[in-house]
């Protein structure tokens, strides 16, 4: 079935929604973690309920006022940066939309946030504004796990759904969308969709129909492009044969609606997770180990079953040694991996030891104690913050790629990183989710000239990734990122889908947001939207 009925929300007055036009308050919402651009806005709204979100959007829709959706501000693509109009902050959406849990559900609270938990069916209903680092302990206390683990744990859950974020464990568990069972989302006109996975699919023409409470029908046509078969967060999701409506909104970067509530699938918390850093003399040795670890993980007869496989190049290790001097000086690359340990722990550990030795590991560090495991996590999470500290010192901003490629293209993309990066003349680090062939390649430009060189390298690497059958963004999204060529600015999504794909994406947004108020500048070129107005 391709039809969904929208819900008319409880009516509240806009005047009852807390807001501010104080420039000092607004200033907090004009950038994101990238600090690449600074926006502008006239007002910030802080709705505390779905009805209040609806009131803000109705007001903006009626007045054709641009509205930018702001979560935790941890994004790296300027997605939440307002280009005029108003900001709708989701930070006060701290409890599920229904006042009471349904049968089989129990309310859990940390004093600020509330979730509804169903232990029998292994799901939780959570609000948009709970941070990942706040959700995890609530669930851990019940011996439960929400598997996605984006690196930035201060991200709001709603933001991770809006960008289909994932993190290192996506190698084993998949990206965020795999674990989202239902969402409530407010459309730009102020009506609500309650979307459950597996209930509403596009028809043979790639169309959905949304029946508004006013009696109007919105016909929504999916783009016809085919996404690459890799970890991907670039543009609107399109299924192989048909598309589940929930997947159109997951990863749409706030351009199609505002997510207010998420039903999450859960797993029993693993009793023990084993962590290890393996240090290698060269990148080639480290990559050989990665390939072998992936093959062993996929072998049903092997006891090796990695949750995450992470890479650190020599530049990253050199930066980390300033804070963590125990990192071996003779290491040219490192791999961090983890596995949930059940059954014969000694057999699992020896299998990993054999694999490390087989691929020339020069030293390893295993996390058996809580102290060791905490330090290992600190090292992984220290990398982005150390990069931010460096660019703040230079008064520039980092330039970061988010490319992912198929397994068979790993060697070629690793060579491209070295060739393009070294030719740029700019300091860079290469690290991240090599289990999915998805690395973060961050430049640290010290001058405006180096910033321009970084942008050129970014573009060259993104093109190479697409040529190899990959994506320009595996988890960050595309946001407002663009590039200039022959005097014309293009969104990075053009590299993947060309003009036809961009026009089809604009059409899909226009059909759900006909006045183009939601997160203008994200994903969809504004000039194509303006042609549809």
Expressed in nm to one decimal, what extension gain is obtained for the pair residue 154 and residue 219 from 0.36 nm per residue of sequence separation less their Cα-Cα distance?
19.7 nm
Extension gain, residue 486 back to residue 419 (0.36 nm per residue minus Cα-Cα distance, nm):
21.7 nm
Need one number: convex hull volume per residue for the range 396-477, Cα atoms only, in Å³.
75 Å³
Report the label-to-label distance for residue 500 and residue 178 in nanometres (one decimal), using points 7 Å from each Cα along the Cα→Cβ vector.
3.2 nm
Cα shape, the range 399-533, gyration tensor, a/c 1.5 rule
prolate
Each label point is 7 Å from the Cα along the Cα-to-Cβ direction; what then is the distance between the points at residue 350 and residue 363, in nm?
2.7 nm
Using the Kirkwood radius built from alpha carbon pairs, what does the Stokes-Einstein equation give as D for the range 271-380 at 25 °C and 0.890 mPa s, in µm² per second?
174 µm²/s
So residue 456 and residue 7, fully extended at 0.36 nm per residue minus their Cα-Cα distance, gain in nm 157.0 nm
Sorted by average packing, counted as other Cβ atoms within 10 angstrom per residue and highest first, what order do 386-392, 172-178, 123-129 take?
123-129, 172-178, 386-392
Semi-axes of the chain from the Cα gyration tensor (sqrt of 5 times each eigenvalue, largest first, whole Å) come to 37, 27, 22
For the chain, percent of DSSP beta bridges that are antiparallel (nearest 5) comes out at 85 percent
When a/c reaches 1.5 or more, the comparison of a/b and b/c decides; with that in mind, is the range 49-114 rounded, prolate or oblate per its Cα gyration tensor?
oblate
Overall dimensions of the range 9-89 by Cα: Rg and Dmax, Å:
12.5, 39
Compute the normalised compactness of the range 488-532: alpha-carbon radius of gyration over 2.2 N^0.38 Å, N being the residue count.
1.04
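A short reminder: the numbers here are calculations on the coordinates, not readings from a lab. Owing to the predicted nature of the structure, the values given are computational and were not obtained by experimental measurement. Heads up, the Cβs are rebuilt from the backbone with ideal geometry, glycines too, and the neighbour counts pull from every protein chain shown.
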